[in-house]
1. Which of the numbered conditions does Pro163 fail, given that it passes all the others? Conditions: (1) without any contact (Cβ under 8 Å) to a residue 24 or more places away in the chain; (2) under 20 Å from the mean Cα position of the chain (by Cα); (3) open to solvent by less than 40 Å² (accessible area, probe 1.4 Å).
2. Would you call Glu86 farther than 28 Å from Gly139 by Cα, in a helix (DSSP H, G or I) and either touching a helix residue (DSSP H, G or I) at 6+ places or on another chain (Cβ under 7 Å) or in contact (Cβ under 8 Å) with a residue 60 or more places away in the chain (or both)?
3. Taking the range 168-212 only, how many residues are at pLDDT 95 or above, part of a loop (DSSP other than H, G, I, E, B) and surrounded by 14 or more Cβ atoms within 10 Å (Cβ to Cβ)?
4. Kindly provide the set of residues from the range 112-128 that are in a helix (DSSP H, G or I) and open to solvent by 20 Å² or more (accessible area, probe 1.4 Å), ordered by number.
5. Are any of the residues in the range 134-148 more than 16 Å from the chain's Cα centre (by Cα) and in contact (Cβ under 8 Å) with a residue 24 or more places away in the chain?
6. List the pairs whose first member sits in the range 102-129 and is basic (Lys, Arg), whose second member is surrounded by fewer than 21 Cβ atoms within 10 Å (Cβ to Cβ) and part of a helix (DSSP H, G or I), and whose Cβ atoms are under 8 Å apart, counting only residues at least 6 apart or on separate chains?
7. Looking at the range 3-26, can you tell me whether even one residue there is modelled with pLDDT under 90, part of a helix (DSSP H, G or I) and under 24 Å from Ala133 (Cβ atoms)?
8. I need the full set of residues from the range 68-83 which are free of Cβ contacts under 8 Å to residues at least 12 places away in the same chain and within 18 Å of Gly130 (Cα to Cα), in order please.
Amino acid sequence: MSTAAQPIPAAAPRPQGRAEAAEQTASRLVATARHAFATHGFAHVSLDALAAEAGVTRGALHHHFQNKAGLFEAVFRAVDADISTELDRIYEAEPDPWRGLTACYHAYLDLALRPENARILFRDAPAVMGARAMDILMGSGFSIVVEELAVLIAAGRLRPLDPVATAHLLNGAVMAQALWLAGCDGGTEGQRAAAHAVLAATFDGLTLGTSS
């Protein structure tokens with residue numbers, strides 16, 4: 001009898017559960033719709049075409065998202081989540097917490113104004129989702145910003161202001177610049193530079209001492 005090691009039979013593929021299959025279908029629909037909404041805009045996207053491109057039935061689409069507005073909101077939240085992930089990476093790469101926080105605000109402006117993001121977040125979302133769209137964007141990561149500001153204020157890095165009010169100021173400032181530039185098709189190079197300069201001046205107005 002041979003003493004050579006016998007090949008280990010390959011494991012049989014694990015049957016896909018219903019929940020896992022449903023999650024994959026929903027993810028595929030969101031990815032397909034994200035590209036379509038960014039390219040054509042909400043009004044010009046057909047659910048029949050989306051379902052066909054994603055390889056699902058129209059009924060499956062409605063099962064997961066009820067209607068076109070529901071699918072759009074899922075796409076909207078996915079764009080916001082992806083931006084948040086990138087901001088987390090930027091913040092973690094900066095050893096100074098205040099510099100990291102301000103870098104995130106500057107980066108948000110650039111990331112949100114990418115054409116494929118701006119059309120969804122600022123051009124279509126207000127019409128499709130109403131004021132709730134801005135509430136979601138303003139609230140994204142809000143509690144974390146408040147916590148970071150509280151630490152910086154306690155450490156004497158920033159003026160002794162209420163951290164919740166300060167977080168609203170900063171989120172409102174970057175959102176106002178983003179809405180302005182999105183309304184100008186992303187703005188010119190000069191307009192973008194002006195928006196970043198205003199953000200920088202806002203940050204400078206909150207600092208104490210020479211640290212910024």
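1. The one condition Pro163 does not meet is (2).
2. In short, no.
3. Of the residues in the range 168-212, 1 are at pLDDT 95 or above, part of a loop (DSSP other than H, G, I, E, B) and surrounded by 14 or more Cβ atoms within 10 Å (Cβ to Cβ).
4. Pro115, Glu116, Arg119, Arg123, Asp124, Pro126, Ala127, Val128
5. Looking for residues that are more than 16 Å from the chain's Cα centre (by Cα) and in contact (Cβ under 8 Å) with a residue 24 or more places away in the chain, one finds at least one in the range 134-148, hence yes.
6. Listed pairs, sorted by first residue: Arg119/Ala38; Arg123/Ala182.
7. yes
8. Result: Gly70, single match.
The values are calculated or read from the model by the stated rules, or taken from the named source; none is laboratory data. Keep in mind that what you see is a predicted model, and the values were worked out from it rather than measured. FYI the Cβ positions are ideal-geometry reconstructions off the backbone, even for glycines, and counts take in every protein chain you see. Keep in mind that these areas ignore ligands, DNA and RNA; they rest on the heavy atoms of the full protein, side chains included. Shrake-Rupley method; radii C 1.70, N 1.55, O 1.52, S 1.80 Å.
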